[in-house]
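Shown next, in structure tokens, is the structure this report addresses.
Computed from the coordinates by the stated procedures, all read-outs in this text should not be read as laboratory data. Since the structure is predicted, the reported quantities are computational estimates derived from the model, not experimental observations. All Cβ positions, glycine included, derive from the backbone under ideal geometry; neighbour counts span all protein chains shown.
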Amino acid sequence: MATEAQIATEARPVGQSRTFLTDLVFPPDTNHHNTIFGGKVMAYVDKIACIAAMRHCRKPVVTASSDSFDFLAPIKTGEAINLEAYVTWTHNTSMEVFVKVESENLLTGEKRMTARAYLTMIALDEQGKPTLVPAVIPETEEERLQHEKAKHRYALRKQRKAEL
């Protein structure tokens, strides 16, 4: 039988963490411009990042940081919000998760990129302490590019924390 450390160190493909979420934007979800509240989008992003990270490591996780959360376009009442998330890179106990948000006009089929973000999630053991996570294996060209650039984003996060 494999030990916890062995299981945590067995690399897993990005596809194991890839997660999708679609929801319809209703009037209570929107502001006076009839576009979804930014905080609502952020909550969706945090939730889907959590699911993707847990699928990767099969452990409870918490959000450690949210980087580069960029709102690119609004999502209007009556449109669908489509989210995709996956683990791009890991380091000991942390996982970087990329989340892409699109809007979809369900009547025309038009889709628009509306937001994107990188979140760092930390895996926890039974005592609530950080625990080892498996490495990630990128499979597609997009995943390989995300994986390569993740080391630089990790260094920037470390630098930002040191400056605080």
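The length gained by stretching the chain between Q16 and F71 to full extension, at 0.36 nm per residue less their Cα-Cα distance, is 17.1 nm. Helical runs assigned H by DSSP (4 residues or longer) give the chain a calculated mean residue ellipticity at 222 nm of -10000 deg cm²/dmol, each run adding -39500 (n - 2.57) before division by the residue total. Direction-averaged projected area, Cα convex hull, region 48-164: 8.8 nm², rounded to one decimal. In this simple spin-label model, placing a label point 7 Å from the Cα along the Cα-to-Cβ direction at both A155 and K47 gives a separation of 3.7 nm. Charge tally for N34 (other residues, Cβ to Cβ under 15 Å; Lys, Arg +1; Asp, Glu -1): 0. Could you point to the residue in P130, N82, N34 farthest towards the positive end of region 10-163's charge dipole, with +1 and -1 charges on the Cβ of Lys/Arg and Asp/Glu respectively? Comparing the listed Cα positions along the dipole, P130 ranks first.
Note on the chain: Lys pairs 8 or more places apart or on different chains, Cα atoms under 24 Å apart, count 28.
Against the longest principal axis of the chain, how steep is helix 38-57, in degrees 0 to 90 to the nearest 10, with axes from Cα atoms? It works out to around 30 degrees. A cut-off under 11 angstrom between Cβ atoms defines the neighbours of S94, and their net charge, with Lys, Arg +1 and Asp, Glu -1, is +1. In terms of other Cβ atoms within 10 Å, H91, H147, H33 run from fewest to most in the order H33, H91, H147.
Between the Cα long axis of helix 141-163 and the first principal axis of the chain there is an angle of about 80°, rounded to the nearest 10.
Each Lys or Arg adds one and each Asp or Glu takes one away; over the other residues whose Cβ falls under 13 Å from the Cβ of E143, this sums to -1.
Annotation for region 29-98 versus region 118-164: alpha-carbon center distance of 15 Å. The magnitude of the dipole of region 10-163, with charges of +1 and -1 set on the Cβ of Lys/Arg and Asp/Glu and taken from the Cα centre, is near 440 debye.
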